[in-house]
Amino acid sequence: MSEPVNRLVLEACLIQKSELRHTLAGVPVVEALFNYSGAQIENSASRQADFDLTIISMGEIAEVLNDLEV
């Protein structure tokens, strides 16, 4: 089974991020806070979902996040 079984894709707004830092092994790390707000369909009814998501990114993704403006 080479493909992931579960996958979640969100479009969210970056609202906060830390400064780029590096682990002792030299791997870049950025912590970030994203906000998601959107309508969800459940049992044929629409409801609003609004939440914050905290992430810790490492490696290439951390470098990409570091270049983004908040």
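The values are calculated or read from the model by the stated rules, or taken from the named source; none is laboratory data. Being a predicted model, the structure only gives us computed values, none of them experimental. Here the Cβ positions follow ideal geometry from the backbone for every residue, glycine too, while neighbour counts run over all protein chains shown. Side chains are part of the model used for accessible areas, which takes the heavy atoms of the whole protein and leaves out ligands, DNA and RNA. Shrake-Rupley method; radii C 1.70, N 1.55, O 1.52, S 1.80 Å.
Filter the stretch 36-70 for residues that are hydroxyl-bearing (Ser, Thr, Tyr) and touching a strand residue (DSSP E or B) at 6+ places or on another chain (Cβ under 7 Å) and give the result.
Scanning the stretch 36-70 gives 36, 37, 46, 54, 57.
Could you check the stretch 20-35 and list, in sequence order, the residues that are under 15 Å from residue 60 (Cα atoms) and part of a loop (DSSP other than H, G, I, E, B)? Matches in the stretch 20-35: 20, 23, 25, 26, 27.
How about the stretch 11-52: which of its residues are among the aliphatic types (A, V, I, L, M) and surrounded by 10 or more Cβ atoms within 10 Å (Cβ to Cβ)? Show your work before the answer.
So the first thing to find is which residues in the stretch 11-52 are among the aliphatic types (A, V, I, L, M), and the list is 12, 14-15, 20, 24-25, 27, 29-30, 32-33, 39, 41, 45, 49.
Across the stretch 11-52, the qualifying residues are 12, 14, 15, 20, 27, 29, 30, 32, 33, 49.
Residues of the stretch 53-70 being more than 20 Å from residue 16 (Cβ to Cβ) and either open to solvent by 50 Å² or more (accessible area, probe 1.4 Å) or not small (Gly, Ala, Ser) (or both), which ones? Matches in the stretch 53-70: 60 only.
Taking the conditions (1) surrounded by 10 or more Cβ atoms within 10 Å (Cβ to Cβ); (2) more than 12 Å from the chain's Cα centre (by Cα) in turn, residue 7 satisfies each one other than (1).
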